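*Asks:* The structure's right below; bear with me while I get my questions together.
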Amino acid sequence: MNRDITILYQGGSGGFALFYYLLLSNKYHTGLPTRDWQSLIDIQFNTELKQWPAHWKHKEFWPDNQTCKKSAGGPKLYLICNPLWNQDMLQQNMQISEHTYKILLYTDFRVQLRMCWHKRAYWFTDVSKKHFAAPCNERQWIRQIIASQQQGLDPQIPHIRTVFKPDQLLNLRDFVISHSVPGLDPPNQNQRQFLHRWLDLQPSKVQRWFR
């Protein structure tokens, strides 16, 4: 596919797995300071994460979508997490994703919650807790999160579909198991190896979901 692509996803749904997978096709430009994708992967997905899962959020390399949008070359790859976070971000995200092929990556709510809790991501960051006015008691907060799900999915997924009208809905489990994205080229060896690496770093209860 010789088109710009935007990945839309809610925190804890595997957005970076799809992001680096596509970069390893060596077909896309993105807003990162280097094109040595493997060196970034070696840092962001270091084996120490198995022992220190709370470090996941400290090792992420976020692409600069705005810089990428203005740069020459292509096709381009954009990564947008929590696209409906607030009104200001929504407007920026709509601008970034305009005229691109939009992929909405999602996963089963239980898996998303498990990965977020394990990595202290999305619902469990200090920023998110403040944003959602989360109670201090984490068990109470988890019960509230669970109560918010809609048909086994993050409650924002239906709203993202309405606002962004994605061209493709991609289930994380289907993607990881098949090592492929419908409509795109078959995976190369580097892409396959990366997904094995990503899966190996997940908690055991999450890994069982992908078997």
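No lab work stands behind these numbers, since they all come straight from the coordinates. This one's a predicted model, so the numbers in the text were calculated from it and none came from an experiment. Glycine gets a Cβ as well: all are built from the backbone with ideal geometry, and neighbour counts include every protein chain shown.
*Asks:* I want to check a number: in the chain, how many lysine pairs have alpha carbons closer than 15 Å, given a sequence separation of 8 or more or different chains?
*Replies:* Qualifying lysine pairs in the chain: 11.
*Asks:* Taking the Cα centre of the chain as the origin and placing charges on Cβ (Lys, Arg +1; Asp, Glu -1), which of Tyr20, Val111, Phe45 is farthest toward the positive end of the dipole?
*Replies:* Final value for the positive-end residue is Val111.
*Asks:* Summing -39500 (n - 2.57) over the DSSP H runs of n ≥ 4 in the chain and dividing by its residue number, what mean residue ellipticity at 222 nm do you reach, to the nearest 500 deg cm²/dmol?
*Replies:* Working: 11 runs with 95 residues, N = 211.
Computed ellipticity for the chain at 222 nm equals -12500 deg cm²/dmol.
*Asks:* I've got another one for you. Using a simple spin-label model with points 7 Å from Cα along the Cα→Cβ vector, what separation in nm is obtained for Lys50 and Asp36?
*Replies:* A separation of 2.5 nm, rounded to one decimal place.
*Asks:* Using the Kirkwood formula over every pair of different C-alpha atoms, what hydrodynamic radius in Å results for the chain? Don't jump to the answer; show the numbers that get you there.
*Replies:* Values: mean 1/r = 0.0566 Å⁻¹.
It works out to 17.7 Å.
*Asks:* How many percent of DSSP beta bridges within the chain run antiparallel, rounded to 5? Please report the intermediate quantities before stating the final value.
*Replies:* On the way: 1 of 16 bridges.
Here the antiparallel bridges make up roughly 5 percent for the chain.
*Asks:* Would region 1-55 count as rounded, prolate or oblate if I go by the C-alpha gyration tensor, calling it rounded below 1.5 in a/c and otherwise prolate when a/b exceeds b/c, oblate otherwise?
*Replies:* Working: a/c = 2.70, a/b = 1.50, b/c = 1.80.
The shape class here is oblate.
*Asks:* I would also like to ask the following. Say each of Arg161 and His99 gets a label point 7 Å from the Cα, pointing the same way as Cα to Cβ; how far apart are those two points in nm?
*Replies:* Roughly 2.8 nm, to one decimal.
*Asks:* Within a Cβ distance under 14 Å of Met1, other residues only, what is the Lys/Arg minus Asp/Glu net charge?
*Replies:* Counting the neighbours of Met1, the net charge comes to +1.
*Asks:* Please compute the volume of the convex hull spanned by the alpha-carbon atoms of region 68-187 and report it per residue in Å³.
*Replies:* Numbers: hull volume 16.4 nm³, N = 120.
Residue-normalised Cα hull volume stands at 137 Å³.
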